[in-house]
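For reference, the structure discussed in these notes is given below.
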Amino acid sequence: MKKYLGVTLALAIGSLTTYAQPKQTKKPKKEGYMRIGIGYNTPTAAQRMAHNTPLNGTLIYNNNGLADYELKKASFTAGMQANLAIGIMLNKNIGFELNNVVGLLPVKYQAGVEYPDNGYTIRELYAKRATGTFFTVPSLVMQYGNKLQFYTRIGAVLPVISRIENSFAYSATFNNTTQQIKGVEKLKHNFNAGVSTAIGIKGQITKGLNGWVEMNYTSLTLNVKRAELTEYFVNGQNLLPRVTNPTQQYTPSSANANTTLPSIVHPYSSLGLHLGISFTF
């Protein structure tokens, strides 16, 4: 009897020991992904002027002052964009992403100013467009859902490359005789960060392949650092070789007023609708 009692107690103690051991919890599964897409952005910035010149629109003066004007929005991230992103989901809901944005078909903006000056009629025409846009955007990603997932993204816009081409034409007419100056300059900017946000939805197409569509917003303005004159014609004659200093520097202060001009601010804020696919690994 004692023998059977001892065996029973031993089994009971073993069962209690096994039950008392803590349960092992599963570690969150990390999932990497690559996302590619394309979309179109429209201007959202309130900036419409650069000094006394419209970015997109017209100003017309007569002898009594300003007679007519039309100022429209402008953004140098407006137009077709492509993006390539790589990210990792630390768990089901939170992850990090590095998105790279490239401008493909930027919008060209036309601007004009007309005014009288000592009997002359002066007309200034400008055409600006982004010629090099490459931004990298490190972001925090939050997503919710299972088969169909809603996500949000917020991060910093880092303008690695931002270039603008400005074509200009200046004409002065007096007694039906016109003199004209034409040229092209390349503008480069100082580096500063902006903010990027997005909200979207994605769903599985096949295993490891998802489709996505999102609305994104970029908030960014950039100060012109330098303008380099690349073309310069006076009445059809190429006078660029005679220009002694084809590069103009811009600064926000007057410390070097003899060699610099006040900074010009260019708007890069825009709202876009993008879609694409993503691969998980």
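The values are calculated or read from the model by the stated rules, or taken from the named source; none is laboratory data. Keep in mind the model is a prediction, meaning the values are calculated, not measured. Heads up, the Cβs are rebuilt from the backbone with ideal geometry, glycines too, and the neighbour counts pull from every protein chain shown. With ligands, DNA and RNA removed, areas are computed over all heavy atoms of the protein, side chains included. Shrake-Rupley method; radii C 1.70, N 1.55, O 1.52, S 1.80 Å.
Looking only at residues in the range 62-80 that are open to solvent by 60 Å² or more (accessible area, probe 1.4 Å) and either aromatic (F, W, Y) or not in a strand (DSSP E or B) (or both), the one that is nearest to Y217 (Cα to Cα) is K73.
Residues in the range 81-91 that are open to solvent by 60 Å² or more (accessible area, probe 1.4 Å) and either in a strand (DSSP E or B) or of a type in the set (S, T, Y) (or both): L84, I86, I88.
The combined condition, being open to solvent by less than 80 Å² (accessible area, probe 1.4 Å), among the aliphatic types (A, V, I, L, M), at pLDDT below 95 and assigned to a strand (DSSP E or B), is not fulfilled by L187.
Tally the residues that are open to solvent by 70 Å² or more (accessible area, probe 1.4 Å) and assigned to a loop (DSSP other than H, G, I, E, B), restricting the search to the range 92-101. Total satisfying the criteria: 1. Would you call L59 hydrophobic (A, V, I, L, M, F, W, C), farther than 26 Å from V102 by Cβ and open to solvent by less than 40 Å² (accessible area, probe 1.4 Å)? Considered against the rule, which asks whether it is hydrophobic (A, V, I, L, M, F, W, C), farther than 26 Å from V102 by Cβ and open to solvent by less than 40 Å² (accessible area, probe 1.4 Å), L59 comes out as yes.
A single entry from G211, G203 fulfils the requirement of being assigned to a strand (DSSP E or B), exposed (fewer than 14 other Cβ atoms within 10 Å of the Cβ) and not hydroxyl-bearing (S, T, Y): G203.
Restricting attention to the range 228-264, the residues that are in a strand (DSSP E or B), among the β-branched types (V, I, T) and at pLDDT 90 or above total 3. Restricting to the range 149-177, name every residue that is more than 19 Å from the chain's Cα centre (by Cα), at pLDDT 95 or above and open to solvent by 70 Å² or more (accessible area, probe 1.4 Å). Passing the criteria: F150, Y170. Looking only at the range 115-141, residues that are under 15 Å from L158 (Cβ atoms) and not in a strand (DSSP E or B) come to 0 in all.
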